[in-house]
Amino acid sequence: MKRVSTICVAALLISGVAHAQSPAAKDRPGNNAVNSEQKNSNAPVAGRNSFTEGQAKSAIEKAGYTNVTELKKDDNGVWRGKATKGGSTSAISVDFQGNVNAAK
């Protein structure tokens, strides 16, 4: 019985030491395709864009637009197309930072 108690105490001590190690790593990095904290431009910013067409369309719709059509990525990495907001259709763009801009 004394041996079993000693083994249990040792196991508890070892598990306590293992638990005191540095915290577990996050399950994913904080590099979302669209990061709302980065929106900082009233014009599309050129840069390598990893958005899919669906992600670009979702970003435009999240900005309040509907009927998103003709989305194409240009040579500067900016998604461009047409969308409707407030009853009028205009040219629209989404850059690599997630900035959604209508042509003026």
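FYI, it's all coordinate maths here, none of it is from the lab. What you see is a predicted model; the values in this text were computed from it and never measured.
A compact globular protein would have a Cα radius of gyration near 2.2 N^0.38 Å; the ratio found for region 43-104 is 0.97. Each residue of region 51-65 was assigned a 3J(HN,Hα) from its phi angle through the Karplus expression (A = 6.51, B = -1.76, C = 1.60, θ = phi - 60°), giving 5, 7, 4, x, 5, 5, 4, 4, 5, 5, 5, 5, 7, x, 9 Hz with x at Gly and Pro.
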